[in-house]
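Have a look at the structure below before the remarks.
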Amino acid sequence: MPLLSELGDACLLFSNIIGQLRALLAVSSSEAPELARVRDVVRQSLVGRSWASFHDRFSGELRPAFEGTLLSDGRPSDEQLVERAYADEIEKSGALPAELLDHLTEGFFPTDLEHAYFSWELDPGLFHLIEAVRSAKVAGRA
């Protein structure tokens, strides 16, 4: 991470890159070695600095069942998030009527931090559930 060393204590913003790694690396499992290497580098780069990320968690043809922002004290499991974000669809049919694409973002950021979710309709009928997370206050920063 020579560039980060040169930048000192610069803050990091991951803007829609983490959720695109599945496609960029052409992987379909969170255990793929390519993804694991990137995840390790990202986690190392966070140490001692402020950071934030906005990234795709899920995408598909289902509109999330909430308006505004859905807040969580920590990162919910896939099952917990699906139950909360798509509750209307599950209630109507007893299950999800359409498939959701998992963007394989688990393990990049601490799970105990507050996470926020919001819906983004990228194209008509194609919805992304965006996950937002940021560092807790870093010592020496406001």
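Throughout, read-outs are computed from the coordinates displayed, never taken from laboratory work. Keep in mind that this is a model prediction, so the values were computed, not measured. Cβ coordinates were reconstructed from backbone atoms using ideal geometry, including for glycine residues, and neighbour counts include every protein chain displayed.
Quick grid of which residues meet (1) within 15 Å of GLU106 (Cβ to Cβ); (2) of a type in the set (Gly, Ala, Ser):
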residue: GLY19; (1), (2): yes, yes
residue: ALA23; (1), (2): no, yes
residue: SER28; (1), (2): yes, yes
residue: TRP51; (1), (2): no, no
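Among the candidates SER15, SER59, SER77, which residue alone is loosely packed, with under 12 Cβ neighbours inside 10 Å, closer than 18 Å to PHE127 by Cα and within 13 Å of the chain's Cα centre (by Cα)?
SER15 is the lone residue from the list that is loosely packed, with under 12 Cβ neighbours inside 10 Å, closer than 18 Å to PHE127 by Cα and within 13 Å of the chain's Cα centre (by Cα).
Any residue in segment 78-90 that's closer than 21 Å to GLU106 by Cβ: show its pairings with residues that are hydroxyl-bearing (Ser, Thr, Tyr) at Cβ separation under 7 Å, as long as the two are six or more apart or on different chains.
Listed by first residue and then by second, the contacts come to ALA85/TYR117.
For ARG49, work out the one condition from (1) charged (D, E, K, R); (2) part of a loop (DSSP other than H, G, I, E, B); (3) within 21 Å of LEU129 (Cβ to Cβ); (4) in contact with a strand residue (DSSP E or B) (Cβ under 7 Å, 6 or more places away or on another chain) it doesn't fulfil.
Only one criterion is unmet by ARG49, namely (3).
A quick yes/no check of all residues on (1) touching a residue at least 12 places away in the same chain (Cβ under 8 Å); (2) over 23 Å from LEU35 (Cα atoms); (3) in contact with a His (Cβ under 7 Å, 6 or more places away or on another chain):
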| position | (1), (2), (3) |
| --- | --- |
| LEU71 | yes, yes, no |
| GLY94 | no, yes, no |
| GLU99 | yes, no, no |
| THR105 | yes, no, yes |
| SER135 | yes, no, no |
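Among GLU89, GLU131, GLU67, GLU106, which is surrounded by fewer than 19 Cβ atoms within 10 Å (Cβ to Cβ), out of contact with any helix residue (DSSP H, G or I) (no Cβ under 6 Å at 6 or more places or on another chain) and not in a loop (DSSP other than H, G, I, E, B)?
Residue meeting the stated conditions: GLU89.
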